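Contents: one structure, followed by commentary.
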Amino acid sequence: MTSRPQARRSPAACLRGLAACGVLGGLLAAAAALPAVGTGGIVVGNVASTFTDLPPSPRENPLPQRTVLLDKNGRKFAQFYSQNRTIVTLDRVAPIMRSAIVAIEDSRFYEHAGLDVKGTLRALVTNARAGAVRQGGSSLTQQLVKNILVENAESDAERAQARAPSLKRKITELRYALALEEKYTKDEILERYLNIAYFGAGAFGVEAAAQRFFSVPAARLTLTQAATLAGAVRTPYATDPSLDRQRRQRLRERRDIVLERMAQLSLVTRAEADAARRSPLSLNMRPEPGGCGGSRYPYFCVYVHRELLTNPAFGHSRAERERRLARGGIVLRTTLDPEIQRAAEHAIAARVDAEDTEVAAEAMIEPGTGRIRAMAASKEYGRNEGDSGTGPRTAYNLVADTAHGGGQGFQAGSTFKVFTLATALSRGWRFDQGFMTPGRFVPRHGFTDCSGRRVDDPGTEIFNASGEGKGGPQSLSTGTWKSVNIFYMMLEQHVGLCPVVRTARALGIVRADGAPLREVPTFTLGVNEMDPVTVAAAFAAFGARGRYCRPVAIVEIVERDGRVVPVPPSCSQAIERDVADAVNHLLSGVFTKGTMAGQGLGRPAAGKTGTNNGYTSAWFAGYTPDLAAAVSVGDIRGSYRYPLRDVVIGGSYYGAVQGASLPGPIWVASMSAALRDTPPTPFRRPDMFRFGGGYTPGMAEALAAEKRDAEERRFRKKLRRWGSFWRFRHRHDRFHHHDRSRHRHDRFR
């Protein structure tokens, strides 16, 4: 449609030339016939000043639009909105759509100065006689004003006032409409109306409506489609095609009315209108899910949503951040890597079922940047039927802390030993340095928290977990590889509880529930409840040679005006590079000589198992220089009430779930797939002059005894193998001797 000429007399000029326009005269005549209706009445003598002394045009706040989330490749995977709207310029709306909306809503739109006098007079007289508003006679400009006032309302009361069927409200609209006509051209008014109007089915604005109803952009609407949308504007709820068949039928009737009106105005030919009326609605309803429930990656989506609401970087106050999110219109480029995400999802799904009450969760983070590449869990995101606490879904973000929609988390177990290890290395400990450990340990002295308070616990006995070593000499190396509880309790006692806590804090460790860290002797055994994102980010710092980066999910914001605002990483050198190199060296041995022996990536990797006392939860956290990940497993009903003993998870039976038996294999599978196309990156060799060597009392004798035991085991294994061989040969020879005897006997018969 070619826009009609923009040259016209302004409302002010019109009011100065009453004979030419007749606007004010008509209003005066109508007003003279009006009784006062409540507080909405007007005094005839004030009509002239009412329509000549115009107010400024109404304030226009930015219209709410969608906030769109993109993955690292630029593909949309989620959107938030209070109103599903995408603002477009008029040249991106099909001309036939412009014609249709003008035909049915205000056919003299391009001729009047903001008031359709004939329609307004007719409506005013009818409404005055009825004592209430019974007819509408609003021009498109007046309708735009009404929508603007509704959008500007900040309370339900203000919104109700903006919609109130009163003469006072109508007069206010008329005055604002005249002011808008002074400010904008007709096409600018039409563009604003098409973007603000509600079309039904949750679609605000013509672009969202075209996509929602027909799965096409507004620029490609056909005559039939345009007439359908134009017909929906008057009664969007009564013609909402997403609700039921009756409303779809009403929508078709409204479409046909629009087509008839377009034919009467010669905007289309009679033949075109008749052909369009004979056609079906041909709806192609496209769902436009908002929020994270409909997202392909819901846990990541929830994390981003909560980050926007809680991070001061996105607004000085929570109220400001909430307004920004509700208004939307921004594009968030995130750190999500779909390939790495799929690797995590598949590794978990292969070992844990959604119906299991035991849940697995994994976060994968890039060392050196803190960019979260994946967040996956064994359960689907959402609510179960009847809001049941158990089932295939959960409303908690199992991968994150409570600030990002998560729950209380699980105790991190022996993964926390890494902070004691780093502290000891920073204080001069060497790889082979250690001490003789007993078979049990009571923390009755030597533990002070960071406030200077003694927190000894003489009522607690510490034992080594099954399969993680017994009493005897342990060095920094062997105590780490075997994850010896008593060794690490004694090591924490030697280097100091508070220094260990400070190391953990420097590496971003905070409790999942937001409470202060529990600074107790068993800190090194992981008594604090954690979430995979926090643990993965801490371990990623070792892969980045001690550079800790706060976990980040958003790297760039594209504002409404197209301005690009980068979100830089927030990083700091948490521990010395040399110390990180030494940690990497020892944690690499976990795969070759320790609790994960026999499981690995086939490339340089380091990590730490975490098995909690009583098997209440299990972890594995590990990393390469290119990617870090943390996996947690626990019972969603409560880890203390439902420990991981004698359980069936993913169809497999576990007598007791340890860090190496389920979280470890998930980690190996996900990391292997995620790094398939990434060339291996080696760790930096540690400074052996600084960290090599060391002395552990009794270690030489223990190693010699262990060597003798190993040789004896090998010798006995050989004996058993040879014994089996000779027993087999003896049976074989007896059989063949008996067979040959029978053969000779048969020959002589």
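The values are calculated or read from the model by the stated rules, or taken from the named source; none is laboratory data. Since the model is a prediction, treat every value here as computed from it, not as a measurement. With ideal geometry, Cβ positions are generated from the backbone for all residues, glycine too; neighbour counts draw on all protein chains shown. Just the protein is used for accessible areas: all its heavy atoms, side chains included, with ligands, DNA and RNA removed. Shrake-Rupley method; radii C 1.70, N 1.55, O 1.52, S 1.80 Å.
For segment 346-417, GluC sites (Glu not before Pro) are listed when DSSP marks them as loop and at most 14 other Cβ atoms sit within 10 Å of their Cβ; the list is E355.
Computed about its Cα centre, the charge dipole of the chain is approximately 1960 debye, with only Lys, Arg, Asp and Glu carrying charge at their Cβ.
Here is how the number arises for the chain: DSSP H runs of 4 or more residues each give -39500 (n - 2.57), the sum is divided by the residue count, and the result at 222 nm is -13000 deg cm²/dmol.
Quick one, which of [x] 170; [y] 204; [z] 272 is the actual volume of the Cα convex hull per residue in Å³ calculated for this model? Given [x] 170; [y] 204; [z] 272, the calculated one carries the label [z].
Label positions at E706 and Y184, each projected 7 Å from the Cα along the C-beta direction, are separated by 7.9 nm.
Take every Cα pair under 8 Å whose residues are at least 6 apart in sequence, average their separation, divide by the length of segment 533-639, and the relative contact order is 26 percent. Sequence-distant contacts, meaning Cα pairs under 8 Å at least 6 residues apart, place the relative contact order of segment 330-434 at 19 percent. Extension gain for the segment R75 to R676, taken as residue separation times 0.36 nm less the Cα-Cα distance, is 214.2 nm to one decimal.
Ranked highest first by average number of other Cβ atoms within 10 Å, how do 319-326, 59-66, 561-568 line up?
Top of the packing list down: 59-66, 319-326, 561-568.
The calculated FRET efficiency for D156 paired with R323, based on their beta-carbon distance and R0 = 25 Å, is about 0.90. Relative to the longest principal axis of the Cα atoms of the chain, the long axis of helix 117-130 makes an angle of roughly 90 degrees.
For a modelled paramagnetic label at R505, 7 Å from Cα along Cα-to-Cβ, the residues of segment 433-454 in reach, with backbone nitrogen under 18 Å, are 447-454. Using a cut-off of 21 Å between alpha-carbon atoms, which lysines can reach K608, once sequence neighbours fewer than 8 places away in the same chain are excluded? Within the straight-line cut-off, K608 pairs with K417, K470, K482, K593.
For q = 0.09, 0.16, 0.20, 0.22 Å⁻¹, what log10 I(q)/I(0) does segment 154-275 give under the Debye formula with an equal point scatterer on each alpha carbon and no solvent? With no solvent term, the Cα-only Debye profile gives -0.32, -0.96, -1.22, -1.27. Sorting the segments 575-588, 443-456, 80-93 by their mean number of nearby beta carbons within 10 angstrom, highest to lowest, gives 575-588, 80-93, 443-456. Heavy-atom surface analysis with a 1.4 Å probe gives the chain a carbon and sulfur content of 51 percent of its accessible area.
Roughly how many Å² is the accessible area per residue of the chain, as a whole number, for a 1.4 Å probe? Before the final figure, lay out each step's value.
On the way: 34040 Å² over 749 residues.
Averaged over the residues of the chain, the accessible area is 45 Å².
Put a dot 7 Å past the Cα of D353, heading toward its Cβ, do the same for S279, and the two dots end up 5.1 nm apart.
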